[in-house]
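A short worksheet on the structure shown next.
The values are calculated or read from the model by the stated rules, or taken from the named source; none is laboratory data. Values in this document were obtained by computation on a predicted structure and should not be read as measured data. Positions of Cβ are backbone-derived with ideal geometry, glycine not excepted, and every protein chain shown enters the neighbour counts.
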Amino acid sequence: MAAKDSPLKQFEIDPISNIELGGYNISFTNSSFAMLITVLVITLFLTLTVNTRSIIPSRMQLISELMYNFIAQLLSDTVGDNGKKYFPFVFSLFMFVLIGNMVGMIPYQFTFTSHIIVTFALAAVVFIGVTILGFINHGIKFFTFFYIPGVPFYMHPLLIPIEVISYLSRPISLSVRLFANMLAGHTLLKVFAGFVVSMPFFTGVFPLAFIVALTGLEILIAFLQAYVFAILTCLYINDAYHLH
Amino acid sequence: MPQLNPEFFVSQLFWLAVFFTFLFVFLWRVSLPRIATVLEKRQNKIDENLSLAKELQEKAKEIEKKINDQINKAKLESDEKIKKTINALQEDISSQLSSLDKDLEKKVSDAEREILKSKDHQMKNINNEISSITKLTIGKIADIELSDNEFNNVIETYKGSFN
């Protein structure tokens, strides 16, 4: 893994400034820097474009409103009226993942969503939050979530463990989906970029053309994964309200 | 794979928590309410304009109805006036015609009377002329000088026998 031109080298974390707090290493790294850029881009864009608060929006304001309506629609479609409370959270999650992925598409820029620890932390927040929400809404009855009605009784010993495992694997599937997509995409780009350099003159054009096409696909995936993350969060919130 | 190297796990989690919390709080408290206000303002404006348009439409309909009513009323009034005028004119014409007829009749009868009178007068003259001519002729032929009275007596005597 330590090879100089390994396609995985781009995921290595380099500390920019070493910070230690209570014996823990909390260095500000290139990953943290990417997060900072992401947060700045989102907050500045959403603040400055809506600054005039004009009724007839400028093009940039329209983009902000479009994003707002996109997530608001998503949440109302999946959760309904109950979902309004969680709009800021789902919107932040979507924007954070989306812009994080997009920032990662800039050459030489770090992609923090390609780190399992980051995506898992986000997914864990969603999972724990939704589970707490389920208990708040339904109390002990929340466990009936694992009980599927209308199934022959002798199937329950089999189905209940499956339901429990599927529920518990939610944060893993949610985080691994995003992490693996980002990892695979960026690795592939790097591999083909290596071909461009290593191939003899002229023939390097072909992998270069492939990279161009793949970059388009990666941008699509960047959006798609953010969307999937948001919509699954919405569905989990819905589950916490409506057990089966 | 660098992702599985736990060296920077704590750092990653720490900065993720810091930045994501900041982002969440900022969007929740600042950005999203702003966008929501704009959207709400726009919706209100649209609703306002729609209701205003509806109101104006209703008003226009009312005015149209009023105009139509007035047009119909005016038509009825004018029809009646035309009828009245025609009737009055007809009456006037017939009365004038009858008075003209009367005038004419009177004039005709007057003229007839005048004619009769003048006829009588002429007849008398003719008679006189005839009698004087006859008197002269008799005087010339028979050399008899008749007085008027005698002559008239003769004529009166033989008047009916020549017819």
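Pick out the one residue from B:32, B:52, B:39 that is modelled with pLDDT of 95 or more, more than 30 Å from residue A:9 (Cβ to Cβ) and surrounded by 10 or more Cβ atoms within 10 Å (Cβ to Cβ).
Working: B:32 fails: modelled with pLDDT of 95 or more; B:39 fails: modelled with pLDDT of 95 or more.
That would be B:52, the only listed residue that is modelled with pLDDT of 95 or more, more than 30 Å from residue A:9 (Cβ to Cβ) and surrounded by 10 or more Cβ atoms within 10 Å (Cβ to Cβ).
Filtering segment A:11-27 for residues that are surrounded by fewer than 18 Cβ atoms within 10 Å (Cβ to Cβ), in contact (Cβ under 8 Å) with a residue 24 or more places away in the chain, more than 8 Å from chain B (Cβ to nearest Cβ) and among the aliphatic types (A, V, I, L, M) leaves an empty set.
Considering A:56, A:13, the condition of being under 15 Å from residue B:10 (Cα atoms) and in a loop (DSSP other than H, G, I, E, B) is satisfied by A:13 alone.
The set of residues in segment A:160-186 that are out of contact with any helix residue (DSSP H, G or I) (no Cβ under 8 Å at 6 or more places or on another chain) and either of a type outside the set (S, T, N, Q) or in a helix (DSSP H, G or I) (or both) comprises A:161, A:162, A:165, A:166, A:168, A:173, A:180, A:184. Of everything listed in (1) within 7 Å of chain A (Cβ to nearest Cβ); (2) more than 27 Å from residue A:40 (Cβ to Cβ), the single unmet condition for residue B:16 is (2). For segment A:142-153, check the following and say yes or no: at least one residue is more than 29 Å from the chain's Cα centre (by Cα), surrounded by fewer than 14 Cβ atoms within 10 Å (Cβ to Cβ), part of a helix (DSSP H, G or I) and at pLDDT below 95. Taking every residue of segment A:142-153 in turn, at least one turns out to be more than 29 Å from the chain's Cα centre (by Cα), surrounded by fewer than 14 Cβ atoms within 10 Å (Cβ to Cβ), part of a helix (DSSP H, G or I) and at pLDDT below 95. Pairs meeting the criteria (first residue in segment B:41-58 and within 11 Å of chain A (Cβ to nearest Cβ), second residue surrounded by 10 or more Cβ atoms within 10 Å (Cβ to Cβ), beta carbons under 8 Å, at least 6 apart or on different chains) are B:41/A:53; B:41/A:55; B:42/A:55; B:45/A:55.
Out of the residues in segment A:189-215 that are in contact with a Pro (Cβ under 8 Å, 6 or more places away or on another chain) and assigned to a helix (DSSP H, G or I), which is surrounded by the fewest Cβ atoms within 10 Å (Cβ to Cβ)?
Filtering segment A:189-215 down to residues in contact with a Pro (Cβ under 8 Å, 6 or more places away or on another chain) leaves A:190-196, A:199.
Those still in the list that are assigned to a helix (DSSP H, G or I) too: A:190-196.
Values: A:190: 17, A:191: 12, A:192: 18, A:193: 19, A:194: 14, A:195: 15, A:196: 16.
Top of the filtered list is A:191.
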